[in-house]
Amino acid sequence: MKRFCSVMTLVFVAIALAGCGSSAPTSSSAGTYTSQTLDASFPNALSAADQLSLGIIKLEGTDQAITFEQAKALLPLWQAIQSEALNDVAEQNAVYAQIEAQMTPAQLQAIAAMQLAQADLTAWQQDQGIPAGAPG
């Protein structure tokens, strides 16, 4: 069961990060999402949406890792973000808010404490064998 949860986590986060293939900041809708918990104002900060995506991956293997039930609820939300079903930025931001609502306050605080920056995303991409600038 734990392995299934880990696989589910990686699948939906890979979906979410698929559009983050460039090491340069973009003006995607992910850059417009504002979180009550995730600060994107520090130097080289990832957008709140990208912090959420990468942060979930980094929670794996910790006591704050998402649960099987959370993974089941989160997967369709991440799929919606990557699909063309959402008509505008407001809808996408609403889905990001739903994603955060599925997380516990402790999980969100753990992600916020990571202060994920562009270098963290680049390092994760390199660890996964994703070349910088690769298309999603």
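The values are calculated or read from the model by the stated rules, or taken from the named source; none is laboratory data. All values reported here derive from a predicted model rather than from experimental measurement. Here Cβ is always computed from backbone atoms with ideal geometry, including for glycine, and neighbour counts include all displayed protein chains.
Quick one: is Ser29 more than 15 Å from Ile111 (Cα to Cα), touching a Leu at 6+ places or on another chain (Cβ under 8 Å) and either surrounded by 21 or more Cβ atoms within 10 Å (Cβ to Cβ) or at pLDDT below 95 (or both)? No: the conditions fail for Ser29.
Here the condition is being within 27 Å of Ala119 (Cβ to Cβ), in contact with a Gly (Cβ under 9 Å, 6 or more places away or on another chain) and either in a helix (DSSP H, G or I) or at pLDDT below 95 (or both); of Ser35, Ser23, Ser53, it holds for Ser23 alone.
Name the residues in the range 58-76 that are hydrophobic (A, V, I, L, M, F, W, C) and without any contact (Cβ under 8 Å) to a residue 60 or more places away in the chain, would you?
Leu59, Ala73, listed by residue number.
Scan the range 90-136 for residues that are under 16 Å from Ala71 (Cα atoms) and surrounded by 12 or more Cβ atoms within 10 Å (Cβ to Cβ) and jot them down. Scanning the range 90-136 gives Val95, Tyr96, Ala97, Gln98, Ile99, Glu100, Gln102, Met103, Thr104, Gln107, Leu108. Here the condition is being aliphatic (A, V, I, L, M) and either modelled with pLDDT under 95 or within 28 Å of Ala132 (Cβ to Cβ) (or both); of Ala106, Ala65, it holds for Ala65 alone.
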